[in-house]
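Below: the structure, in structure tokens.
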Amino acid sequence: MTIDEGATHEINSRWPEFKQRNVGMAFNFYGENFAKNMLSGITLVRDHHEYLKNSGATVWDMPKYMSDTLDDLAGI
């Protein structure tokens, strides 16, 4: 999986696009904690994507601790 595909999958598998849109239109749609956790998770994925891109990677790879953190943020 490319780094773009991997980052998209990591985000959308935890926060589907419709929920992202709903939070974008009404921040507290699912509650403040949900919105803050979603934004934090998306930021983590984006930062990791940037790290991989800058290091020359072409394949998505993410440490388990980061996946666990994203799961915690998503309430999985």
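Within the span defined as region 21-38, every residue fails to be touching a residue at least 24 places away in the same chain (Cβ under 8 Å), among the polar types (S, T, N, Q) and either at positive phi or loosely packed, with under 13 Cβ neighbours inside 10 Å (or both).
Trp60 passes every criterion in (1) out of contact with any strand residue (DSSP E or B) (no Cβ under 8 Å at 6 or more places or on another chain); (2) touching a residue at least 24 places away in the same chain (Cβ under 8 Å) apart from (1). Checked against (1) small (Gly, Ala, Ser); (2) loosely packed, with under 14 Cβ neighbours inside 10 Å; (3) in contact (Cβ under 8 Å) with a residue 24 or more places away in the chain, Ser55 passes all but condition (3).
Where in the chain are there helices (runs of 4 or more DSSP H), lying wholly inside it, with at least 3 residues that are hydrophobic (A, V, I, L, M, F, W, C) and within 10 Å of the chain's Cα centre (by Cα)? Steps first, please.
Working: elements: 3-12, 17-25, 32-54, 64-74.
Result: 32-54, 64-74.
Considering Glu32, Glu50, the condition of being among the acidic types (Asp, Glu) and under 17 Å from Ile3 (Cβ atoms) is satisfied by Glu50 alone.
Please pick out the residue among Ala35, Ala7, Ala74 that is in contact with a Phe, Trp or Tyr (Cβ under 6 Å, 6 or more places away or on another chain), at pLDDT 95 or above and among the small types (Gly, Ala, Ser). It would help to see each step written out before you state the result.
Numbers: Ala7 fails: in contact with a Phe, Trp or Tyr (Cβ under 6 Å, 6 or more places away or on another chain); Ala74 fails: in contact with a Phe, Trp or Tyr (Cβ under 6 Å, 6 or more places away or on another chain).
Just one listed residue meets the conditions, Ala35.
The values are calculated or read from the model by the stated rules, or taken from the named source; none is laboratory data. The structure presented is a predicted model; accordingly, all values stated were derived computationally and were not measured. FYI the Cβ positions are ideal-geometry reconstructions off the backbone, even for glycines, and counts take in every protein chain you see.
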